[in-house]
Amino acid sequence: MKKIIKSILLISLNVYFIIAIFLYIKQNDFLYFPTKKIETIHKEKVFINENESISTTVLNFGQNKAIIYFGGNAENVDYNANNFKKMFKDYTVYLVKYRGYGTSSGTPTEKALYSDALHIYDSIKTSYFSISVIGRSLGSGIATYLASKRIVEKLALITPFDSIQSVAQEKFLIYPMSLLLKDKYRSIDRVHKIKSKTLILMAQNDKIIKNNHSKNLANQFPTSQITIEIIENENHNSILNNKLYIQLLTKYFRNANKS
């Protein structure tokens, strides 16, 4: 009996470590889902950073305020173009295509995407009276990083997380994600450095970034700095088509433009 128990334990340990190795090796495949280029009638601007070409789609060229948009890990940001062009007509909007996405070169990593965000901001800052930032899902981690490092007029975070590490740990309870993960995107650690007014939009039925992760992040902001809205009966992706979501986001930046 002892031999049987010992054999079962050894098999279980082997399976545990095999899965752990698999998660470590394949983690980028779980986190990043590069999208292909789609044809667009909108202008494109390419930024060169660290010998990589970072492509952005530019909407409403020539305005005196700008918005930089960072999308989700499997999002083709160009699908936002028509809506954003109307929603933010008083802003020049930059839809950022991460490394390896669309026509951008390179491979996405946390360090690389942070570097690209800073480079884009620094490249355009003298052309605008102010710059605001929107980040959705994975992009919320990049947006919070940028807002903690640069002056941002308004910050909007859509279905954000406290950290990718926390989200992953909830999904893989028995594995030490703090050790396995290379890209942790710990937004919660940067809140104290963010000075801009911030809007957080959550989807009530979000199963990808559960509301507790968004609330953990929101709770770190001073109450005078943060506005939180939960869109009812929507999930992680359907929130984008909700009329209230569009109204709240549009109104938030329209008010910013009048200030």
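The values are calculated or read from the model by the stated rules, or taken from the named source; none is laboratory data. The structure displayed is predicted, hence computed values, not measured ones. FYI the Cβ positions are ideal-geometry reconstructions off the backbone, even for glycines, and counts take in every protein chain you see.
Brief remarks follow.
- The stretch 129-151 residues that are farther than 18 Å from Gln220 by Cα, paired with ones that are in a helix (DSSP H, G or I) and of a type outside the set (A, V, I, L, M) (beta carbon under 7 Å, 6 or more apart): Ile131/Tyr121; Ile131/Lys125; Ser132/Phe253; Arg150/Tyr121
- The set of residues in the stretch 176-209 that are surrounded by fewer than 20 Cβ atoms within 10 Å (Cβ to Cβ), farther than 16 Å from Leu31 by Cα and of a type in the set (D, E, K, R) comprises Asp189, Arg190, Lys193, Lys195.
- Subset of the stretch 85-111 (residues that are of a type outside the set (Val, Ile, Thr), more than 14 Å from Ser55 (Cβ to Cβ) and surrounded by fewer than 24 Cβ atoms within 10 Å (Cβ to Cβ)): Lys85, Lys86, Met87, Lys89, Asp90, Glu110, Lys111
- Looking across the stretch 109-129, the residues that are of a type in the set (S, T, N, Q) and under 18 Å from Leu95 (Cβ atoms) come down to Ser123, Ser127.
- Inside the stretch 211-233, residues that are without any contact (Cβ under 8 Å) to a residue 12 or more places away in the chain and more than 21 Å from Ile164 (Cα to Cα) make up a count of 3.
- The residues of the stretch 45-59 that are in contact with a helix residue (DSSP H, G or I) (Cβ under 8 Å, 6 or more places away or on another chain) and of a type outside the set (Phe, Trp, Tyr), listed by number, are Asn49, Glu50, Glu52, Ile54, Thr56, Thr57, Leu59.
- Of the residues making up the stretch 37-73, those that are modelled with pLDDT of 95 or more and among the aliphatic types (A, V, I, L, M) are Val46, Ile48, Ile54, Val58, Leu59, Ala66, Ile67, Ile68.
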